[in-house]
1. Looking for whichever is under 10 Å from the mean Cα position of the chain (by Cα) and among the small types (Gly, Ala, Ser) here; the options are Ala77, Ala85. Which one fits?
2. Cβ-Cβ distance below 6 Å, separation of 6 or more or different chains: which pairs start in the stretch 45-59 with a residue that is farther than 15 Å from Gln17 by Cα and end on one that is surrounded by 11 or more Cβ atoms within 10 Å (Cβ to Cβ) and at pLDDT 85 or above?
3. For the stretch 53-71, what are the residues that are outside any loop (DSSP other than H, G, I, E, B) and loosely packed, with under 11 Cβ neighbours inside 10 Å?
4. Tally up the residues in the stretch 15-64 that are within 19 Å of Asp83 (Cα to Cα) and polar (S, T, N, Q), please.
5. Which of the residues belonging to the stretch 22-41 are within 18 Å of Leu70 (Cβ to Cβ) and outside any helix (DSSP H, G or I)?
6. Of everything in the stretch 38-52 that's surrounded by fewer than 17 Cβ atoms within 10 Å (Cβ to Cβ) and among the aliphatic types (A, V, I, L, M), which residue is modelled with the lowest pLDDT?
7. So if I check each of Val63, Val39, which one is of a type in the set (Val, Ile, Thr) and farther than 15 Å from Leu22 by Cβ?
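The values are calculated or read from the model by the stated rules, or taken from the named source; none is laboratory data. In this text, all values refer to a predicted model and were calculated from it rather than measured experimentally. Cβ sites come from the backbone with ideal geometry, for glycine too, and all protein chains shown count toward neighbours.
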Amino acid sequence: MPIKLDGMSEVKRNMEQLKRALDGAVGGLSFDPLKPQEVERAIREIEMKVDMKFAPYISSPGVREIASNLKDEYRRAILQKADDARKTQKP
């Protein structure tokens with residue numbers, strides 16, 4: 001007989017909602033992609049948002065890994081945005 005984890009579907013639903021909210025937060029980040037310190041500030045800002053959003057669920061199985069993966073994903077997106085901006089600035 002399969003084991004049913006009642007709370008897991010709720011956790012999964014919450015994680016999906018958090019991801020959508022954070023995706024919006026990344027899109028709304030304001031920083032100068034040509035200034036390395038601004039890029040790093042944006043990365044720290046989104047990492048703090050991930051930590052804050054996931055804090056209530058951090059004891060649930062797999063949530064730390066999800067949060068870590070999201071931080072990596074958002075970091076890559078910010079760095080890509082900065083890289084794209086640098087490429088368009090070159091003559």
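1. Working: Ala85 fails: under 10 Å from the mean Cα position of the chain (by Cα).
Of the residues listed, the single one that is under 10 Å from the mean Cα position of the chain (by Cα) and among the small types (Gly, Ala, Ser) is Ala77.
2. Ile46/Tyr74; Glu47/Lys71
3. Glu65
4. We begin by selecting, within the stretch 15-64, every residue within 19 Å of Asp83 (Cα to Cα); these are 26-46.
Applying the additional criterion that residues be polar (S, T, N, Q) yields 30, 37.
Result for the stretch 15-64: 2.
5. Gly28, Leu29
6. Looking at residues that are surrounded by fewer than 17 Cβ atoms within 10 Å (Cβ to Cβ) and among the aliphatic types (A, V, I, L, M), I get Met52.
7. Numbers: Val63 fails: farther than 15 Å from Leu22 by Cβ.
Selected residue: Val39, the only one of Val63, Val39 that is of a type in the set (Val, Ile, Thr) and farther than 15 Å from Leu22 by Cβ.
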